[in-house]
Amino acid sequence: MPPSAVWTWWDPGTACLPAGTELGVPPLTVTGYRPSAWYWAVPPRSAGELCSAGLTDQLARYGQWRMAKWR
């Protein structure tokens with residue numbers, strides 16, 4: 001997401017990390033499931049490609065919904 005999303009982000013149970021926060025991500029080539037490892041479910045087309053805040057919010061809410069169903 002673009003750094004400006006931190007000013008408008010509001011989604012219970014999640015946090016939008018502010019600019020300057022370091023976050024580790026897997027290499028763009030890691031796209032398959034591996035137990036106990038991060039991977040890209042849908043890899044970006046290029047390094048630095050950003051996702052919209054709206055789509056990220058939808059993904060977070062869907063994940064929360066799925067987790068609630070399994071409890």
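The values are calculated or read from the model by the stated rules, or taken from the named source; none is laboratory data. What you are looking at is a predicted structure, and each value in this text was computed from that prediction instead of being measured. Cβ sites come from the backbone with ideal geometry, for glycine too, and all protein chains shown count toward neighbours. With ligands, DNA and RNA removed, areas are computed over all heavy atoms of the protein, side chains included. Shrake-Rupley method; radii C 1.70, N 1.55, O 1.52, S 1.80 Å.
Taking the stretch 56-70 as the region of interest, how many residues are open to solvent by 100 Å² or more (accessible area, probe 1.4 Å) and either in contact (Cβ under 8 Å) with a residue 24 or more places away in the chain or among the aliphatic types (A, V, I, L, M) (or both)?
Step one: list which residues in the stretch 56-70 are open to solvent by 100 Å² or more (accessible area, probe 1.4 Å), which gives 58-59, 61-62, 65, 67, 69-70.
In the following step, the residues that additionally are either in contact (Cβ under 8 Å) with a residue 24 or more places away in the chain or among the aliphatic types (A, V, I, L, M) (or both) were identified as 59, 61, 67.
Result for the stretch 56-70: 3.
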Log entry, pairs with first residue in the stretch 8-24 being at pLDDT 80 or above, second being surrounded by fewer than 10 Cβ atoms within 10 Å (Cβ to Cβ), beta carbons closer than 7 Å, six or more apart or on different chains, reads 17/23
Report the residue count in the stretch 1-45 for those that are open to solvent by less than 60 Å² (accessible area, probe 1.4 Å) and polar (S, T, N, Q). 1
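Can you confirm whether the stretch 12-35 contains a residue that is β-branched (Val, Ile, Thr) and within 16 Å of residue 55 (Cβ to Cβ)?
Of the residues in the stretch 12-35, the ones β-branched (Val, Ile, Thr) are 14, 21, 25, 29-31.
Still in the list and also within 16 Å of residue 55 (Cβ to Cβ): 14.
Yes, there is a match, as at least one residue in the stretch 12-35 is β-branched (Val, Ile, Thr) and within 16 Å of residue 55 (Cβ to Cβ).
Against the condition more than 28 Å from residue 8 (Cβ to Cβ) and at pLDDT 85 or above, how does residue 39 come out, does it pass? Don't jump to the end; show me each part of the working.
Numbers: more than 28 Å from residue 8 (Cβ to Cβ): yes; at pLDDT 85 or above: yes.
In short, yes.
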